[in-house]
Amino acid sequence: PDSLPGSLTSLFSGDYKAFWGINMANINLEMIYWQAAPGLLPEYMLAVFDYYEQAMEDMRECARKLFHCRGIYLSAVTVPGAMRACCPFPHIINWTGGAAWVSQMYVDYWQYTGDDGFMRERAFPFLKEAALFYEDFLVWEGDTWHVIPSLSPENHTASFRGQPEFPESVQTAVDAALDIALIRALFDNLLDMGRRLGVPAAQM
């Protein structure tokens with residue numbers, strides 16, 4: 001209780017300036033905690049929610065200043081005390097899926113514990129803020145919505161062609177499958193929670 005969530009190096013580094021001694025809001029975070037709920041230790045997940053919820057204003061500021069969007073932008077890379085976007089590399093800044101990814105952990109916790117109070121007071125508000133970002137961020141073009149910029153982590157996408165000043169391919173893309181999957185799951189979960197809470201569709 002009242003502790004920090006596990007970072008990539010957890011408690012076992014032995015170094016005050018550990019390389020990768022950061023918190024990653026992506027598959028790394030999931031792998032640290034994915035056995036907590038099914039292992040009947042869901043209380044260990046609360047540190048994750050505390051960590052991000054105390055930074056809601058920072059995440060709103062990032063969404064507003066970086067992308068001119070409402071809601072929250074959760075950078076993939078954070079460290080305690082520096083919850084704004086602190087890593088300016090394109091493959092970090094251009095990935096907007098951090099809050100959507102963490103949202104799934106809220107859903108998992110609620111589904112395993114059956115704690116409707118948690119769902120109402122913590123999960124639904126977090127998911128709503130994450131969804132609000134995408135309401136402003138997604139781009140309508142032709143007859144469909146697009147995720148621009150988008151990111152395919154650990155992949156060098158064919159949708160980018162290297163220019164002389166950028167001779168190497170990059171991970172930034174348009175409509176990366178990961179982003180589409182995260183956005184779909186986020187909105188599906190939000191709508192499900194909203195229906196259970198009796199929230200009118202117009203207010204979700």
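The values are calculated or read from the model by the stated rules, or taken from the named source; none is laboratory data. Quick caveat, the model's predicted, so the values are computed rather than measured. Positions of Cβ are backbone-derived with ideal geometry, glycine not excepted, and every protein chain shown enters the neighbour counts. Just so you know, the surface numbers come from the protein's heavy atoms only, side chains and all, with ligands and any DNA or RNA stripped out. Shrake-Rupley method; radii C 1.70, N 1.55, O 1.52, S 1.80 Å.
Over all alpha-carbon pairs in segment 1-104, figure out the percentage whose distance exceeds 18 Å.
47
Below 8 Å, C-alpha to C-alpha, sequence gap of six or more: please give me the relative contact order for the chain in percent.
Worked out over the chain, it gives 17 percent.
If you plug each phi of segment 34-50 into the Karplus form 6.51 cos²θ - 1.76 cosθ + 1.60 with θ = phi - 60°, what whole-Hz ³J(HN,Hα) values come out, in order, with x for Gly and Pro?
Computed from phi, the couplings for segment 34-50 are 5, 9, 5, 5, x, x, 6, 10, x, 4, 5, 6, 4, 4, 5, 5, 4 Hz.
So I have [x] 28, 20, 17; [y] 27, 24, 15; [z] 32, 21, 18, and one of them is semi-axes √(5λ) of the Cα gyration tensor in Å calculated from this model. Which one is it?
The value matching this structure is [y].
Please give me the summed charge of the neighbours of THR9: other residues whose Cβ is under 14 Å from its Cβ, Lys and Arg +1, Asp and Glu -1.
Numbers: positive: LYS17; negative: ASP15.
Residues near THR9 contribute 0 overall.
Can you give me the % of accessible surface on the chain that is carbon or sulfur? Probe 1.4 Å, all protein chains present, nothing else counted.
Solvent-exposed carbon and sulfur of the chain make up 57 percent of the total.
Taking only protein heavy atoms and a 1.4 Å probe, what accessible area per residue, in Å², does segment 70-204 have with all protein chains in place? Mind showing how you got there, number by number?
Details: 7030 Å² over 135 residues.
With all protein chains present, segment 70-204 gives 52 Å² per residue.
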